[in-house]
Each structure stands twice: as C-alpha cells, then as structure tokens.
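Each value in this text was obtained by applying a stated rule to the coordinates, not by laboratory testing. In this text the structure is predicted, and so the values were computed from the model without any measurement. Virtual Cβ from ideal backbone geometry, glycine too; neighbours counted across all protein chains shown.
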Amino acid sequence: MKKKAQEAAALAAAEMEKLRVATEAATPAAAAADEPVDKGKRLKKLNKSLKAVEALKEKKKAGEKLNEDQEAKLGTEDGLRAEIAELEALP
C-alpha cells in the first residue's frame, strides 16, 4: 500500500512537471520578456506551498493517513525547492 502511494506521488509530480514545461513552452519568449516575473510574489507563493508540504510531512510522520492529493503534494517538494533556488539566483 505504501509503495502504491509513493508511486502515485511520483506520477503526480511527473505530471505537474510536464504541465509546467508545457506551459513554459507555450509562452512566447517575447511575451515573457515583456512581462517580468514578479520574483517576490512567486517566491512567496512557492514558500507557502513548501510550508504546506512540510506540514503534511509532519502529519505523516505523526502517523496520520494522508489522502491521494496530499500524497501527491508531498511529491512536489523537490520541484518547489528547485524553483525557489532558481528564483533566488536571479538578480
């Protein structure tokens, strides 16, 4: 059962990454250059999501059973951390 949940979380994370890549590819480069990313807003949103993931990890550690959506959210942690690092590296 635990393996199935881990596989579901990994699949959900992979699907989210595919969606993110597809969305970035669909955005014309010129439009992206005209509309700069609001770094502060994006970082705030990502950190909020990361905090939610951390809370779910604590619940799981405490023995609470997580639903499918919560398990999938746990699978997004690495992607969130990577995007935060990427934004923080921007000038």
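Residues in segment 48-78 that are surrounded by fewer than 16 Cβ atoms within 10 Å (Cβ to Cβ) and under 10 Å from the mean Cα position of the chain (by Cα): 78 only. When residue 78 is tested against (1) of a type outside the set (Phe, Trp, Tyr); (2) free of Cβ contacts under 8 Å to residues at least 60 places away in the same chain; (3) assigned to a helix (DSSP H, G or I), exactly one condition is not met: (2).
Go through segment 33-75 residue by residue and tally those that are among the small types (Gly, Ala, Ser) and not in a helix (DSSP H, G or I). Walk me through it before giving the result.
If we filter segment 33-75 for residues that are among the small types (Gly, Ala, Ser), which is where we start, we get 33, 40, 49, 52, 55, 62-63, 72, 75.
Still in the list and also not in a helix (DSSP H, G or I): 62-63, 75.
The number of residues fulfilling the criteria is 3.
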